[in-house]
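Colleague: Submitted below is the structure of interest, expressed as structure tokens.
What follows is calculated from the coordinates using simple rules that are stated; it is not laboratory data. This structure is a prediction, so every number in the text was calculated from the model and none was measured. All Cβ positions, glycine included, derive from the backbone under ideal geometry; neighbour counts span all protein chains shown.
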Amino acid sequence: MVLSKNYWTLRKIDLASYDVSGYQRGYGEEVLLPVQQQFEIWFPSIAELEKLSSQDNRKIQATLLSHFLSQNSAFSKQASIAAGLSLRCYISHAIVHACYKLAQQFGDRYSFSHLDLLYLVLTDDGKIKSIEQVEENSQSSYPYFWAHILRKFNPNKAGLWNWTYLLTRRHPELTRTLWVEFGLSLATPWGKLNDIKRYQMETLSPQERDVVEVFHGVYRHDRREKGARGKCPEPSESQLQEMRDRLFPRGIVYNSSDELFEQLKTIAQFLQEQILNPTDISPPSNSSAMELEFLDENRDLAIMNAIENVLSQRLRKLQKSAWYSEFAPHFLASLRLIYCENQSQSEVARHLNMNNQSQVSRILKLKQLLKQIREQVMEQLLQILLKQANLNSSQGVLDPNAFDSLIELLSRYLDETVFIEASKEISTAKKHKKMTSLFSEKMRSYLKYSQPIR
């Protein structure tokens with residue numbers, strides 16, 4: 001059951017909003033009276049109901065969508081706008097529900113709350129009125145989430161509540177944030193295996209590659225034959241048996257389908273971990289000691305430059321944020337407590353009189369910081385190597401395979417000497433843990449001795 005008022009109350013992001021018990025909701029509600037009045041004209045009997053059935057909602061949504069998309073010049077433009085706003089009000093309630101549901105399912109385990117998600121997807125302020133205005137004001141391919149939801153919505157196939165819930169869980173920025181900042185992937189193991197990239201295959205053992213190739217030959221083939229899209233379900237018993245039959249001639253024997261099932265899950269988990277914690281791999285054998293020594297000489301300066309750039313950018317972003325500007329003065333102080341005083345994020349929250357650990361996490365976004373710093377260090381060292389070889393000018397010519405090898409060398413080198421250990425440090429939530437990595441040493445140097453960021 002859904003409250004009828006959901007069709008004329010728009011939920012908008014407001015991280016300073018609290019409920020009667022003092023719980024931080026993260027959103028406010030605005031009653032749109034013209035929308036309510038128009039709704040009551042269209043649905044006089046339904047509007048009187050406090051709660052609506054699934055059948056009522058389907059009828060309302062089909063009618064509102066028809067009005068919103070109507071090209072009939074006789075139909076009032078204001079009525080069309082009201083229909084769209086009514087659907088958007090309903091969508092805003094479904095988005096909040098999806099964020100709460102995700103936090104309820106995974107928040108405790110992965111240390112996030114609905115507040116970490118709302119600002120990514122609850123983006124409708126009610127100002128843009130029509131699809132035409134969306135097209136005129138679009139600055140990116142994904143600017144208005146509500147418009148994306150309505151463009152794809154078919155009331156004959158699904159209710160708008162479930163459709164919005166599904167697309168919210170698939171929202172690119174939301175899924176990226178859950179993975180990069182909190183280590184949570186919403187993709188199933190079978191989705192990871194189905195969409196494995198070539199470079200990921202190269203990190204597997206020969207036997208694991210055979211297993212994945214056979215998985216594709218059976219599972220991926222069946223999905224294509226059926227035209228299946230969306231979530232990848234578990235492989236069936238018959239599919240697992242066919243995989244075992246195909247692996248046998250390759251000399252790979254699994255005594256049961258359950259054994260193969262667990263092996264596939266293990267490979268999928270390994271692939272997921274590779275994204276944040278790349279496997280320790282020695283640099284390619286053709287990389288000379290001179291190259292590595294040259295990298296060592298330039299690496300530390302590149303790290304310091306990247307730390308300064310990224311922290312400056314993050315602080316300026318916080319200062320300009322409508323939601324987080326009040327916390328900007330705590331940004332560097334929080335980093336000093338973590339890297340110089342070995343305090344946990346919970347201790348930082350108490351020390352700086354902040355609400356909780358989640359609030360500190362949202363301000364710092366340590367995993368995102370580390371990723372951005374790594375990207376800048378990588379770029380700096382790459383340019384230095386290209387310049388050394390006189391290959392960064394228009395006259396320089398570099399074989400694509402040689403360039404790929406150079407990227408691979410740099411990536412492995414940086415992960416092995418700096419970023420694997422740094423990533424493990426910020427993923428371990430122990431009190432009074434010592435931050436001993438090279439990255440932490442450079443972070444301390446910057447935080448202790450640099451001029452304040454302005």
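Colleague: For the range 189-276, give the magnitude of the charge dipole about the Cα centre (Cβ charges: +1 Lys/Arg, -1 Asp/Glu; no others), in debye to the nearest 20.
Modeller: Numbers: 14 positive and 15 negative charges, 94 e Å.
The calculated dipole for the range 189-276 is roughly 460 debye.
Colleague: Something else about it: The range 296-374 to the range 151-183: how many Å between their Cα centroids?
Modeller: 29
Colleague: Label points 7 Å out from Cα along the Cβ direction at K51 and L33: separation in nm?
Modeller: It works out to 3.0 nm between the two label points.
Colleague: Do you know the relative contact order of the range 2-178, to the nearest whole percent, from alpha carbon pairs under 8 angstrom that are 6+ apart?
Modeller: Details: 207 pairs, mean separation 41.7, N = 177.
Computed over the range 2-178, the figure is 24 percent.
Colleague: Compute the length gained on full extension between E40 and E416: take 0.36 nm times their separation in residues and subtract their Cα-Cα distance, giving the result in nm to one decimal. Numbers along the way, then the final one.
Modeller: Details: separation 376, 0.36 × 376 = 135.36 nm, distance 6.43 nm.
Using 0.36 nm per residue and subtracting the Cα-Cα distance, I get 128.9 nm.
Colleague: Sticking with this structure for a sec: Would you kindly derive the ³J(HN,Hα) couplings of the range 81-87 from the backbone phi angles with the Karplus curve 6.51 cos²θ - 1.76 cosθ + 1.60 (θ = phi - 60°), listing them in order in whole Hz, with x for Gly and Pro?
Modeller: 5, 4, 4, x, 5, 5, 5
Colleague: Multiply the residue separation of L69 and S445 by 0.36 nm, subtract the distance between their alpha-carbon atoms, and state the gained length in nm to one decimal. Please list the in-between numbers first.
Modeller: Numbers: separation 376, 0.36 × 376 = 135.36 nm, distance 5.86 nm.
Here the answer is 129.5 nm.
Colleague: What is the local net charge at S92, summed over the other residues whose Cβ is closer than 14 Å to its Cβ (Lys, Arg +1; Asp, Glu -1)? Could you put the intermediate results ahead of the total?
Modeller: Details: positive: K5, R11, K12, R25, R88, K127; negative: D14, E29, E30, D124, D125.
Summing Lys/Arg as +1 and Asp/Glu as -1 gives +1.
Colleague: Now, a different point. Arrange the following residues from fewest to most other Cβ atoms within 10 Å of their Cβ: E242, E297, E259, E181. Before the final figure, lay out each step's value.
Modeller: Values: E242 18, E297 10, E259 13, E181 21.
With the fewest neighbours first, E242, E297, E259, E181 line up as E297, E259, E242, E181.
Colleague: How big is the convex hull of the Cα atoms of the range 189-276, per residue, in Å³?
Modeller: Values: hull volume 8.0 nm³, N = 88.
Roughly 91 Å³ of hull volume per residue.
Colleague: Counting Lys +1, Arg +1, Asp -1, Glu -1, what net charge surrounds A306 among other residues with beta carbon under 13 Å of its beta carbon? Working shown, then result.
Modeller: Values: positive: R299, R314, K371, R374, K442; negative: D300, E308, E375, E379.
After counting each charged neighbour, the total is +1.
Colleague: Using alpha-carbon positions, what is the distance between the centroids of the range 7-81 and the range 200-259, in Å?
Modeller: Here the two parts' Cα centres lie 47 Å apart.
Colleague: Then there is this: Among Y7, Y90, what is the fewest-to-most ranking by other Cβ atoms within 10 Å?
Modeller: Values: Y7 27, Y90 24.
Going from least to most buried by this count: Y90, Y7.
Colleague: Equivalent ellipsoid semi-axes for the range 2-178, as square roots of 5 times the alpha carbon gyration tensor eigenvalues: give them largest first, rounded to whole Å. Kindly include the intermediate steps, with their values, before the conclusion.
Modeller: Numbers: eigenvalues 144, 72, 47 Å².
Working from the Cα gyration tensor, I get semi-axes of 27, 19, 15 Å.
Colleague: Can you work out the Karplus-derived ³J(HN,Hα) for every residue in the range 106-117? Use 6.51 cos²θ - 1.76 cosθ + 1.60 with θ = phi - 60°, whole Hz, and x for glycine or proline.
Modeller: Result, ordered by residue: 10, x, 5, 6, 10, 6, 9, 10, 4, 5, 6, 10 Hz.
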